[in-house]
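Okay, structure first, notes after.
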Amino acid sequence: MCGRFSLTVSAATLTEAFQLNALPEWTPRYNIAPTQLVAAIVAPSAPSSHLRLLRWGLVPSWAKDLSIGTKLINARAETVAEKPSFRTAFKQRRCLILADGFYEWQRLDHKTKQPYYFQLASGQPFAFAGLWECWQSDDDVVETCTILTTQANELLEPIHDRMPVVLAPDEYEPWLDSTTPAESLQRLLHPYDASAMKGYPVNPIVNSPKHDSPECLQPQN
């Protein structure tokens, strides 16, 4: 799964990496948690577009209230096309969720978990494969999103059996393109190349979403 991630790079770096022509106000984030706002590029816009801020935790349009979003922060790649909560968004509302690293937890015993931080070996920002929805109540409109997950690669497998779907830059356009066939979309939802990633154990303060500072990325001996 993916329950926390980071986006610590500057606005200038994001603009260059994703060919953005405008950015909302953004400050570095070290411990992004569910229900918080995340930076995303939304289909049918292609790269060279504006960034959107979406609430993390997908809320289907038919939901009675926002609370379901806390249970829908991730969508399994293997079943996303079939699940009622995700299948319409998979067909019509795909997005890139921007990040430069993510956390997974390794269970050490029945009480203790050690957080690990993973990023590209290059240290550059990247995009998760995401879906988004627009939910509306009588007096409010909220745009929400979820991150797709797949089986872990060789780097993550000793830590956790799942990982978020990290897209390569040449996969951004077909993921966002509304005309990409479903079978082609499924081929994009694979584990990222383990040799192009790195990871290390980090400070357990990241366990609490109250902590959002560079100390979250501090290596843990």
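The values are calculated or read from the model by the stated rules, or taken from the named source; none is laboratory data. No experiment lies behind these values; they were computed from the predicted model shown. Positions of Cβ are generated from backbone atoms using ideal geometry, with glycine treated the same way; all protein chains shown enter the neighbour counts.
A few comments on the model shown:
- Scanning the range 1-13 for residues that are closer than 15 Å to S122 by Cβ and of a type in the set (A, V, I, L, M, F, W, C) yields one hit, V9.
- The range 51-73 - residue that is crowded, with 21+ Cβ neighbours inside 10 Å and not in a loop (DSSP other than H, G, I, E, B) and, of those, nearest to the chain's Cα centre (by Cα): W56
- Of residues in the range 139-153 being free of Cβ contacts under 8 Å to residues at least 12 places away in the same chain and acidic (D, E), the one farthest from L96 (Cα to Cα): D139
- Residue that is surrounded by fewer than 17 Cβ atoms within 10 Å (Cβ to Cβ), closer than 23 Å to P169 by Cβ and not polar (S, T, N, Q), where the choices are A77, A99, A129, A121: A121
- Per the conditions (1) within 24 Å of L53 (Cα to Cα); (2) at pLDDT 95 or above, the sole criterion not satisfied by E173 is (2).
- Scope the range 197-221; condition exposed (fewer than 14 other Cβ atoms within 10 Å of the Cβ) and not in a loop (DSSP other than H, G, I, E, B); matching residues: Y200, P214, E215, P219
- Failed criterion for N31 (all others in (1) touching a His at 6+ places or on another chain (Cβ under 9 Å); (2) without any contact (Cβ under 8 Å) to a residue 60 or more places away in the chain hold): (2)
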